[in-house]
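Working notes for the structure below.
Bear in mind these aren't lab numbers, they're just calculated from the coordinates by the rules spelled out. These numbers were taken from a predicted model, which means no experiment stands behind them. Glycine also receives a Cβ, built like all others from the backbone with ideal geometry; neighbour counts cover every protein chain displayed.
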Amino acid sequence: MKPVQLSSGRAMPSLGLGTWNMGENDARRQQEIRALQSGLDLGMNLIDTAEMYGDGGAEEVVGEAIQGRRDSVYLVSKVYPHNATVRGVQLACERSLQRLKTDYLDCYLLHWRGSVPLAETLDGLQALKRAGKIRDYGVSNFDLDDMEQARSLPGGKDIVTNQVLFNLTRRGIEWNLLPWSQQHNVPVMAYSPLESSTPGEQRVLLGNRTLQAVAERHGATPAQIALAWLLRQDQVIVIPKSSNPEHVQLNRKAADIVLTAEDLADLDKGFPRPRKGTPLDMR
């Protein structure tokens, strides 16, 4: 898996592990830890989490999973918008670090845009970077106008990534945000690459006949093809979440699938490209 180069000079793994809904049920805790460790064993060294997930519970799960192997993990967490003042973001980061049992984050993201002025949040993120608490910072759920505004502010050009909802059924960013991101070297982190865990939403994606046909040609699962479609794109990082170690192994194999021109043309028919600009999809 070729890593994605960031504007800071550092690199981020292109395929990682999401943690949404982890840390919410003690009965699942050990399985969640095993799933994360299985991914790390397979070279999926990026873990994405947030203070919001399980009210910090997901960060605690991650903290246990990475014990003894922190140096090999690229660790991302996210701050609530209401904690994103200059002082608030520093306190929130310290709490996240304590739950994660580490003294730094590889990348820290503003989870979504709130009422705190972006300039103030950027000041706080820059202070964390100077203090060595974070190595890089970015944003999440920012549309094109948000990105352009952020980059016009002091520290805005140091934003290294934007985490957004992106998958075969959510292709809206291809209209303008993704081309802009590629032009400005701001890689996109695709969350919910297989849609949410809601059965109805997953059926729309994984039950698509075109996707299933492409999967059959490759002897793969529809989920693997959906991940491979994202991974083939320039400056796109993919963070599927799974609490099942077997599913994690299947996700890892998606990085080895090479889609053909015929595959891509078929997927464009089954999941049409956007024909106009639309508001950014979020969840």
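Key figures for this structure:
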item	result
The chain, helix-only ellipticity at 222 nm - DSSP H runs n ≥ 4, -39,500 (n - 2.57), divided by all residues, nearest 500	-11500 deg cm²/dmol
Charge sum, other residues only, whose C-beta stays under 13 Å from ASP281's C-beta, Lys/Arg counted +1 and Asp/Glu -1	-1
Anchor LYS101: lysines whose Cα lies under 19 Å away (excluding residues fewer than 8 positions away in-chain)	LYS78, LYS129, LYS133
Fully extended contour minus Cα-Cα distance, from GLU24 to HIS218, at 0.36 nm per residue	66.2 nm
Radius 12 Å from Cβ of LEU118, net charge of other residues (Lys, Arg +1; Asp, Glu -1)	-3
Added length on full extension, which subtracts the Cα-Cα distance from 0.36 nm per residue, ARG87 to TYR104	4.4 nm
Packing-based exposure ordering (other Cβ within 10 Å, fewest first) of THR210, THR102	THR210, THR102
Summed residue charge, Cβ within 9 Å of LEU75's Cβ, Lys/Arg positive, Asp/Glu negative	-1
Between helix 261-270 and the chain: long-axis angle, C-alpha atoms, 0 to 90°, nearest 10	80
Cut-off 12 Å, label 7 Å out along Cα→Cβ of SER7, residues of the range 135-152 by amide N	137-139, 147-152
Sequence-separation-based contact order of the range 185-283, relative, with Cα cut under 8 Å and 6+ spacing, percent	31
Rounded tilt (10° steps) of 209-218 against the dominant C-alpha axis of the chain	90
Cross-link partners of LYS157 among aspartates and glutamates (Cα-Cα below 17 Å; sequence separation of 8 or more within a chain)	GLU120, ASP123, ASP136, ASP143, ASP145, ASP146, GLU148
Inter-part distance where the range 61-123 and the range 13-29 are each reduced to a Cα centre, Å	16
Between the range 208-283 and the range 156-185, the Cα center-to-center distance that results, in Å	17
Relative contact order (%) - criterion: Cα under 8 Å, at least six apart; region: the range 4-270	20
